[in-house]
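Scroll down for the structure; my scribbles are underneath it.
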Amino acid sequence: MGIALQQTLGGVGRCRGIGLHCGQPVAMTLHPAPPNTGIVFRRTDAGAEIRARWTSTTESALSTVLSNGEGIQIGTIEHLMAALAGSQVDNAVVELDGPEVPIMDGSAAPFMLMIERAGIVPQDAVRRAFKVLKPVWVSANGASAALLPEHGFSMSFEIDFASRAISRQDLSIVFDSDSFKSEISRARTFGFLHEVDRMRAAGLARGGSLDNAVVVSGDTILNEGGLRYADEFVRHKLLDSLGDLYLAGAPIIGHFRGLRSGHLLNRKLLEALFATPDAWCKTTLSRADAVDSLMWRERSRASA
Ligand SMILES: [Zn+2]
């Protein structure tokens, strides 16, 4: 079992779409980046560069927003971050000519395709990760998020909504190299029709439509084509959380448990982890083989 190497894109990837909240057209270009760059966002229209780290995020509940502290923001980065994490891309520069990552179809699938087409290439640097050594958790208003020690990387999430279109959904997943793409990446963002007017009045969800979100009205799903997975809602929460966790700056070895958690709590969880020096350590990753292809892990022994 060899040491895993950092990865970047083999070429450039491009897409164009509208921002979910700003409602404006945005062009996005993904570029390869040197080892140890991490994921860096650039706004070409504002001449700003922001590293994709939890320390650069704002207190935003509905999406994950980066800020340079001087008024320049980059919104709705979480689905792209999930695609980069799920594709095991360590280093990339994301260029945007507007204030928000395009929402595309509301999932991470279009970004997975972009990354696949650009290609993924190994680099001459060891792949590092953060290993959880002790349980860390945060909670607020009946929601909670936790990181627990684990040999590999796994996530579980539970949601409970009054709407019978969603109700209670609980899903646990151990990530291997394919599971993000097949089990999670196509899950779309969702919202309730009764919240749309309030969000629009607050200047949010201006680009939202049935083309980029599952919209629930009472107990009914309004999208003509229905759902992509029977439990698409909880799968999207796992997608969001993976994207938020990648703001640690490297993969995490451990188990994430979310209970009705959201972007704000996920950010507080990373804050709590890094504020507890004996709860984590840095480690290097080993290369997955065909038999035991956990997405990332520290040791060669498979975890249950
Ligand atoms: Zn989302």
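Computed quantities for the displayed model
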| read-out | value |
| --- | --- |
| Long-range neighbours under 8 Å by Cβ, at least six apart or interchain, first residue more than 19 Å from D240 (Cβ to Cβ) within segment 132-160, second in a loop (DSSP other than H, G, I, E, B) and among the charged types (D, E, K, R) | V132/E150; P149/K134; H151/R297; H151/E298; H151/R299; H151/R301; G152/R297 |
| Residue within segment 242-262 that is aliphatic (A, V, I, L, M) and under 16 Å from G106 (Cβ atoms) present | yes |
| L227 vs. criteria surrounded by fewer than 20 Cβ atoms within 10 Å (Cβ to Cβ), within 16 Å of the ligand (Cβ to nearest atom) and over 16 Å from the mean Cα position of the chain (by Cα) | yes |
| Among the residues listed as D170, D160, D197, D176, the single one being out of contact with any strand residue (DSSP E or B) (no Cβ under 9 Å at 6 or more places or on another chain) and at negative phi | D197 |
| Residue list for segment 23-73, restricted to those being in a loop (DSSP other than H, G, I, E, B), touching a residue at least 24 places away in the same chain (Cβ under 8 Å) and within 16 Å of the ligand (Cβ to nearest atom) | A52, S60, A61, L62, S63, T64 |
| Selection status of R200, under 16 Å from V174 (Cα atoms), modelled with pLDDT under 95 and either away from the ligand (no atom under 16 Å from the Cβ) or buried (at least 21 other Cβ atoms within 10 Å of the Cβ) (or both) | no |
| Meets criteria (over 17 Å from D160 (Cα atoms) and either out of contact with any Asp or Glu (no Cβ under 8 Å at 6 or more places or on another chain) or buried (at least 16 other Cβ atoms within 10 Å of the Cβ) (or both)) for R260 | no |
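The values are calculated or read from the model by the stated rules, or taken from the named source; none is laboratory data. Bear in mind that the values here come from a model prediction, so they are computed numbers and not experimental data. Reconstructed Cβ throughout: ideal geometry from the backbone, glycine too, with neighbour counts over all protein chains shown.
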